[in-house]
Amino acid sequence: MKKIFIYLPITFALLTASCDKEEFNSDNSIPEYPAANIENLRQSPYPIGAAVNINTLKNNQEYRNTVIKEMSSITGENAMKMNTISKGRKEYSFDDADYLVNFAQENNMRVHGHTLIWYKHTPDWVANFSGSAEDWKTIMKEYIHDVVGRYKGKVASWDVVNEVIDDKGGLRDCVWLKNIGPEYIELAFQYAHEADPDAKLFYNDYGHEYSHTRRYTVNHIADSLAQKGVPIHGIGLQMHTNVNRSENDLRYAVIAAAMSKLMVHVSEFDVAVNPDSKKDVTFTDELASRQKDRYRTVTKAMLNIPESQRFGVTMWGVHDPSSWLSSNPDWALPFNDKFERKPAYDGILQGIYQ
Ligand code: 9MR
């Protein structure tokens, strides 16, 4: 039942060929840019944002100032996950999510909601729930209606489902698949759309830049849902990448997602410099330069897709110490520990200025 998305060798071969030959509209030259005229990322031709941590936002003034100055879109790194919000059936803790939304409104930013349905961090009461498929649909519908409904008109977009496939291209095991069946995916989109018909709805997943199987399957699922009339509006490419990834792979991930005609959100972008988590690594100029190249490539690739499909680029954190990767150690983001702009930041400016 789970292997409904079949890997197609012919399509795969075509995708691989175009990846190698770099046939899409690509200009690898590094443009000059009037850095003096670009004061911050809010001036980008498409929204650039960051995932934020609510405690840090409340307690670190420099972090807060950087978000306000630079970001036109924010995502809660954890504030809107099901286990943060849902404490029991119809019992909610909206403190962090409300804070996020109020902060965004005060500072004229877009909020992207992350994430309604995810196989991870399922609240205990859901994991222990027992009932028929209809009962499971009902609790999913209640949760999505209550959360999306609360932020109707305030949260512009949602990752409705996150990470629904495994590495072989089958549907990933989770309580929703087990109890409802594959239909849970389209139902989640339907319920979110009922609660806020204007919200843009995304399927978010990872691996577009390093796995042909994952890229093909994600794009195929999104496309199939759209063809079927399910209210899906975009594909989220997490893009947790690193300095060893070829720039062509990064560019191709963005272009291939855009072939679906849906919007493209690079939703959790960071560029690790220490992907093997070696303990003795330091952040050298050479690593900073390779990181800069990858920030430039991805932000520029967004300009190679139609304007109507550019939902934006969200970085998974603000400054290096606040990244989920920092203890590896790593330096994956465009601002350093002093909130200074790193070469990666210049890479973004070069990417968005054409
Ligand atoms: O960065 C997030 C970290 O603080 C959380 O502990 C973790 C588990 O909820 O999730 C991290 O964010 C993940 C995101 O929600 C989904 N894609 C992968 C991200 C990094 O693990």
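Work out the FRET efficiency for Ser246 and Asp167 from their Cβ-Cβ distance, taking R0 = 22 Å, and round it to the nearest 0.05.
FRET efficiency, Ser246 to Asp167: 0.65.
Please give the length that would be gained between Lys90 and Asn304 if that part of the chain were fully extended, namely 0.36 nm times their separation in residues minus their C-alpha to C-alpha distance (nm, one decimal).
72.6 nm
Counting only residues 5 or more places away or on other chains, whose amide H sits under 5 Å from the amide H of Lys87 once H atoms are built in the peptide plane?
Tyr92, Ser93
Which residue, Tyr216, Tyr203, Tyr99, tops the fluctuation ranking in a GNM of the chain built on C-alpha contacts under 10 Å?
Result for the chain, Cα springs under 10 Å: Tyr99 fluctuates most.
Please arrange Met109, Met259 by how many other C-beta atoms lie within 10 Å of their C-beta, fewest to most.
Met259, Met109
Neighbour counts of other C-beta atoms within 10 Å: give me Ser73, Ser132 arranged from fewest to most.
Ser132, Ser73
Could you give me the ³J(HN,Hα) list for region 95-101, computed from phi with Karplus coefficients 6.51, -1.76, 1.60 and θ = phi - 60°, whole Hz, x at Gly and Pro?
In residue order, the calculated couplings are 4, 5, 5, 5, 4, 4, 5 Hz.
Cut-off is 10 Å between beta-carbons; in what order do Arg214, Arg296, Arg150 appear when sorted fewest neighbours first?
Final ranking by Cβ density, sparse to dense: Arg150, Arg214, Arg296.
In deg cm²/dmol and to the nearest 500, what is the mean residue ellipticity at 222 nm of the chain if only DSSP H runs of at least 4 residues count, each as -39500 (n - 2.57), divided by the residue total? Please report the intermediate quantities before stating the final value.
On the way: 13 runs with 141 residues, N = 354.
Value at 222 nm, helices only, nearest 500: -12000 deg cm²/dmol.
Using DSSP, restrict attention to beta bridges with both residues in the chain and report what percent are antiparallel, rounded to the nearest 5.
For the chain, the DSSP antiparallel bridge percentage is about 10.
Roughly how many Å is it from the Cα centre of region 216-244 to that of region 271-328, as a whole number?
Region 216-244 and region 271-328 have Cα centres separated by 20 Å.
How long is the gain from Asp124 to Lys279 if the chain were fully straight, where each residue apart is worth 0.36 nm and the alpha carbon distance is subtracted? Walk me through the numbers before you get to the answer.
Working: separation 155, 0.36 × 155 = 55.80 nm, distance 3.53 nm.
Net length gain for the segment: 52.3 nm.
If a/c stays under 1.5 just call it rounded; otherwise compare a/b with b/c (prolate if a/b is bigger, oblate if not). Do that for the chain, with a ≥ b ≥ c from the square roots of the Cα gyration tensor eigenvalues.
Verdict is oblate for the chain.
Residue by residue, what Karplus-based ³J(HN,Hα) values in Hz, rounded to whole numbers, does region 162-167 have, using 6.51, -1.76 and 1.60 with θ = phi - 60° and x for Gly and Pro?
10, 6, 8, 10, 9, 6
Tell me, what is the percent relative contact order of region 286-354, built from C-alpha pairs under 8 Å that lie six or more residues apart?
Once normalised by length, the contact order is 44 percent.
Any read-out appearing in this document is the output of simple, stated calculations on the displayed coordinates, not a laboratory observation. Since we're looking at a predicted model, the values are computed, not measured. Note that each Cβ is placed from the backbone with ideal geometry, even for glycine, and that neighbours are counted across all protein chains shown.
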